[in-house]
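Student: Below is the structure I would like to discuss, written out as structure tokens.
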Amino acid sequence: MYEQFSHAVLNEILDGLDLDGELHELRPFLTRLGANFYGIHALFDTLYGEHPGAEDCRVRLVDTMARAYLARAPELRGLDLVRERDPDWFLSQTWVAMALYTDGFAGDLAGMPERLPYLQDLGVDIVHLMPMLQCPPGASDGGYAVSDFRAIDERFGTLDDLHEVAAELRKRDMLLVLDVVLNHTSREHEWARAAREGSERHRAFYFTYPNREIPDAYEETMPEVFPEVAPGNFTWDDELDRWVMTVFHGYQWDLDYSNPEVFVEMLDIVLTWANHGADILRLDAVAFLWKKIGTRCQNEREAHLILQLMKDCCQVSAPGVLFIAEAIVAPVEVIRYFGEDAVVAKECEIAYNATLMALLWDGVATRNARLLRAGLTNLPDKLPGATWLNYVRCHDDIGLGFSDADAHAAGYDPTAHRSFLINYFTGVFEGTPARGEPFGRNDKTGDARISGSLASLAGLESALESEDPERIDDAIRTIVLLHSIILSFGGIPLLYYGDEIGTLNDVSYLQDIGKANDSRWLHRPTIDWAKAERRHERDTIEARIFQQLKHLIAIRKRTPAFADDNDRTLVDVDNEHLFVYLRVPNQRAHAPVCVVANFDTDPQPLDHGALARAGVHERRELTDLVTGESLSVEGNHLWLPGRSFAWLVDRARR
Ligand code: OTU
């Protein structure tokens, strides 16, 4: 019944649109729209059925999808078809990603093409260009306070430059990831300007209030994201003469997605960037998309419905394009971004694995895998057709997002343990090699997070200062160990630019008033290309890191067990320093791989019997894919050097 009704609605909408001349071109679009319209219509009704603007926006929604489809380049439409036929294409082990700031990496977009061989040398084939959209001068939260969602900021170049980068990537079988900042705009965005100039229509794009009554009601339950520099979630705006909801910085105005116009506008922007050649769109801060008094205003059911509607619409106009959910929330909450109550992923196909990231750093500080194991045992299974972005560092701070229950399970007092970690990574803990800075300290809750480059947090900066070869060695081992996990864990490994050559903290941001109060700039470097060149010089720091990572990436790519088939099992080997898991490929012809990582700085024994019991091998001969060597078996144990790892296969099955 409902389905028939929705088709009637669809036909009525299509009849009303001025698409006549182009109808012949719309055939694949119409097929996809027909297939998805029931879902789109039902989601739209649930979200906006009661809104006075609903009918108008429903028509605009279909119009937006149709025009985006018509504007899509034939080459991209072709890719859509290929990917529709092979929907699991991105789960393959051949993908390795890197996130980078275009200016820090290549100066600007025009400088990107000549740097692509460097990425290919390492084995990277997915490139995430951090936000480049137009922002007001001065503080702009690293590009996340956008004043024009349709224009590239001139610091980076032009749209044409971007098209050239996209074409160059495609030529090299590389993928492009771009950001869409869904949750908020800059105060200087034209919608916010219009609101400040008195437009009621645009005021309704945001959450604004004449007095503190509603803001205070929200504040009762809303946490603060940037407690030091942007306390509270509302900012008084003199020009507007009202309070505005600003969950992040005071200059980032939250969009009100209960207004269907906001949804339609933002869908148009999503589809626009898909048409500019993005293969994958990173949707920023998706947990925050729906606000409700009396809640934390994160992970609300409606936030999921908005993403599902966004996905369904994208599926109609640009079905080859994937979404990344940037939701830095608890594991049980993150997996809902793959699609709640769904059978296969139908919201975002990819999500940041912030749990793994934070737990890896715990392993570095504690030299054991207790919390890592406890936390990951409770990482729920993903849906089929969904995958993780596994990372060690990114442009943001490290939040200690593990649950108290997991900390207890690992034998820690959660509060004491979190403060140990903060002290360890910010150089306060006696004897720590780590050199980070605190970020987002909140005196009310006692929370804090951590900034710093991977190399500096892993101890390379202090080791180089001490000129102690053993400490330098430890730091490099730690850096490679962390990467060995993200490369084998299941999902797309996401490297962060500069880490591949051991880039240290960069304190130059302190000289810039737009950045000085945000320690995340410590780890948003400008690449030193002379340093990068040293990757070719034997025994330099750069070569030791880069060449090992390159080697691991190459092995990953030819090892089918590392594709993401939801096939990882943690193995208990009765040694708290070791983190062990088994990856079983879905085709029996390929060999399973057992990943063994020693977080201790001293050698640790691995019990052979425990591996046999876990079904890792039939014989006593194991080969390490990384070194190609058989592991030395002494008595019943394999010995793993400090901060080392192995990717083991049963020799008989190689
Ligand atoms: C994201 O961050 C971006 O990655 C940050 O760089 C931006 O500042 C922020 O959004 C606002 O656009 O929203 O879902 O440092 O981990 O703010 C999580 C805290 C986010 C970030 C958090 C994150």
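Student: Stick to Cα atoms and the Kirkwood definition of Rh, then tell me Rg/Rh for segment 315-425. Let's see the in-between values first.
Tutor: On the way: Rg = 15.5 Å, Rh = 14.9 Å.
Across segment 315-425, the Cα-based Rg/Rh ratio is 1.04.
Student: Out of residues 5 or more away from Leu495 or on other chains, whose amide H comes under 5 Å of its own, with H placed 1.01 Å from N in the peptide plane?
Tutor: Excluding prolines and chain starts, which carry no amide H, the hits are Ala97, Met98, Ala99.
Student: A further question follows. Mind giving me the FRET efficiency for Ser466 and Thr295? R0 is 45 Å, r the Cβ-Cβ distance, nearest 0.05 is fine.
Tutor: Numbers: r = 49 Å, r/R0 = 1.09.
In this case the efficiency is close to 0.35.
Student: Against the longest principal axis of the chain, how steep is helix 469-486, in degrees 0 to 90 to the nearest 10, with axes from Cα atoms?
Tutor: On a 0 to 90 degree scale, this one is about 50.
Student: Place a +1 charge on the Cβ of each Lys and Arg in the chain and a -1 charge on the Cβ of each Asp and Glu, then give the dipole magnitude about the Cα centre in debye, rounded to the nearest 20. All intermediate terms of the calculation are to be shown ahead of the outcome.
Tutor: Values: 64 positive and 105 negative charges, 400 e Å.
It comes to approximately 1920 debye.
Student: Mind checking which lysines have their C-alpha under 28 Å from Lys557, skipping anything on the same chain fewer than 8 residues away?
Tutor: Those lysines meeting the cut-off are Lys171, Lys346, Lys382, Lys531.
Student: What list of ³J(HN,Hα) couplings, whole Hz, do you get for segment 311-325 from phi and the Karplus terms 6.51, -1.76, 1.60, once you set θ to phi - 60° and write x for glycine and proline?
Tutor: 5, 4, 5, 5, 4, 7, 9, 8, x, x, 8, 9, 10, 9, 8
Student: Quick one: check the C-alpha center-to-center distance for segment 8-39 versus segment 512-527, whole angstrom.
Tutor: Comparing the Cα centres of segment 8-39 and segment 512-527, I get a distance of 48 Å.
Student: What order, most packed first, do the peptides 511-519, 186-194 have when packing is the mean number of other Cβ atoms within 10 Å of each residue? Please list the in-between numbers first.
Tutor: Details: 511-519: 14.9, 186-194: 20.7.
Highest mean packing first, the order is 186-194, 511-519.
Student: Cα extents of the chain along the three principal axes, largest first, in whole Å?
Tutor: Computed over the chain, the largest-to-smallest principal extents equal 78, 54, 47 Å.
Student: For the pair Asn211 and Ser419, what calculated FRET efficiency results from E = 1/(1 + (r/R0)^6), where r is the Cβ-Cβ distance and R0 = 51 Å, to the nearest 0.05? Walk me through the numbers on the way to the answer.
Tutor: Values: r = 39 Å, r/R0 = 0.76.
The calculated FRET efficiency here is 0.85.
Student: How much length is gained on full extension from Glu114 to Ser92, taking 0.36 nm per residue of separation minus their Cα-Cα distance?
Tutor: On the way: separation 22, 0.36 × 22 = 7.92 nm, distance 2.69 nm.
Net length gain for the segment: 5.2 nm.
Student: Give me the base-10 log of I(q)/I(0) for segment 521-569 at each q in 0.16, 0.23, 0.31, 0.33 Å⁻¹, Debye formula, one uniform scatterer per Cα, rounded to two decimals.
Tutor: At q = 0.16, 0.23, 0.31, 0.33 Å⁻¹ the computed log10 ratios are -0.66, -0.84, -1.08, -1.13.
Student: Going by alpha carbons, how many degrees (0 to 90, nearest 10) lie between the helix axis of 54-71 and the longest principal axis of the chain?
Tutor: 60 degrees
Student: At q = 0.12, 0.14, 0.19, 0.22 Å⁻¹, what log₁₀ I(q)/I(0) does a Debye calculation on the Cα points of segment 416-538 give, no solvent, two decimals?
Tutor: -0.51, -0.69, -1.19, -1.39
Student: Carbon and sulfur: what percent of segment 1-120's accessible surface (1.4 Å probe)? Show your work: numbers first, answer last.
Tutor: Working: 3140 of 5880 Å².
Heavy-atom surface of segment 1-120 belonging to carbon and sulfur, 1.4 Å probe: 53 percent.
Student: Using the Karplus curve 6.51 cos²θ - 1.76 cosθ + 1.60 with θ = phi - 60°, what ³J(HN,Hα) values do you get for each residue of segment 371-383, in whole Hz, with x for Gly and Pro?
Tutor: Karplus-based 3J(HN,Hα) across segment 371-383 equals 5, 4, 5, 4, x, 7, 4, 8, 6, x, 5, 7, 6 Hz.
Student: Calculate the tail of P(r) for segment 567-653: the fraction of all Cα-Cα distances greater than 23 Å, expressed in %.
Tutor: Numbers: 468 of 3741 pairs.
Beyond 23 Å sits 13 percent of the P(r) for segment 567-653.
Student: Which residues among segment 280-303 fall inside the zone where the amide N is under 16 Å from a point 7 Å beyond the Cα of Glu50, along Cα→Cβ?
Tutor: 291-294, 301-303
Student: Grab the beta carbon distance between Val82 and Phe429, set R0 = 56 Å, and tell me the FRET efficiency rounded to 0.05. Walk me through the numbers on the way to the answer.
Tutor: Numbers: r = 52 Å, r/R0 = 0.92.
So the FRET efficiency works out to roughly 0.60.
Student: In sequence order, what are the phi-derived ³J(HN,Hα) couplings for segment 562-578 according to the Karplus relation 6.51 cos²θ - 1.76 cosθ + 1.60 with θ = phi - 60°, rounded to whole Hz, with x for glycine and proline?
Tutor: 8, 5, 8, 10, 6, 10, 9, 10, 6, 10, 8, 10, 6, 8, 5, 7, 9
Student: Run a plain Debye calculation on segment 399-475 (Cα atoms as equal point scatterers, no solvent) and give log10 I(q)/I(0) at q = 0.14, 0.20, 0.21, 0.27 Å⁻¹, rounded to two decimals, same order as the q list.
Tutor: Here the Debye-derived log intensity ratios amount to -0.51, -0.87, -0.92, -1.17.
Student: From the Cα gyration tensor of segment 54-190, with a ≥ b ≥ c the square roots of its eigenvalues, which class applies: rounded if a/c is under 1.5, or else prolate if a/b is larger than b/c, or else oblate? Spell out each step's value before the answer.
Tutor: Details: a/c = 1.93, a/b = 1.08, b/c = 1.79.
Since a/c reaches 1.5 but b/c is at least a/b, the shape of segment 54-190 is classed as oblate.
Student: Measuring from label point to label point, each 7 Å out along Cα→Cβ, what is the Ala35 to Glu154 span in nm?
Tutor: In this crude spin-label approximation the distance works out to 4.5 nm.
Student: Taking 0.36 nm per intervening residue step and subtracting the Cα-Cα distance, what contour gain separates His163 from Glu621 on full extension? Could you put the intermediate results ahead of the total?
Tutor: Numbers: separation 458, 0.36 × 458 = 164.88 nm, distance 5.16 nm.
Here the answer is 159.7 nm.
Student: Figure the gain on full extension for Lys171 and Asp539 (residue separation times 0.36 nm, minus the Cα-Cα span) and round it to one decimal in nm.
Tutor: Gain on extension, Lys171 to Asp539, equals 129.1 nm.
Student: How tilted is helix 27-48 with respect to the longest principal axis of the chain? Cα atoms for both, answer in degrees (0 to 90, nearest 10).
Tutor: Tilt of helix 27-48: around 80 degrees.
Student: With an 8 Å cut-off on Cα pairs and a minimum separation of 6 or more residues, tell me the relative contact order of the chain in percent.
Tutor: Values: 1274 pairs, mean separation 78.2, N = 654.
So the answer I get is 12 percent.
Student: Same structure again: As an exercise, identify the GluC sites (Glu not before Pro) in segment 128-173 lying in DSSP coil whose Cβ has no more than 16 other Cβ atoms within 10 Å. Spell out each step's value before the answer.
Tutor: Details: sites: Glu154, Glu164, Glu168; in loops: Glu154.
Of the GluC sites (Glu not before Pro), the ones in loops of segment 128-173 whose Cβ has at most 16 other Cβ atoms within 10 Å are Glu154.
Student: Could you provide, to the nearest whole Å², the per residue accessible area of the chain with probe 1.4 Å? Spell out each step's value before the answer.
Tutor: On the way: 25550 Å² over 654 residues.
For the chain, the solvent-accessible area averages 39 Å² per residue.
Student: Could you tell me what % of all Cα pairs in segment 353-566 have separations over 23 Å?
Tutor: Details: 10911 of 22791 pairs.
Result for the distance tail: 48 percent.
The values are calculated or read from the model by the stated rules, or taken from the named source; none is laboratory data. This structure is a prediction, so every number in the text was calculated from the model and none was measured. FYI the Cβ positions are ideal-geometry reconstructions off the backbone, even for glycines, and counts take in every protein chain you see. Note: areas computed on protein heavy atoms with side chains; ligands, DNA, RNA excluded. Shrake-Rupley method; radii C 1.70, N 1.55, O 1.52, S 1.80 Å.
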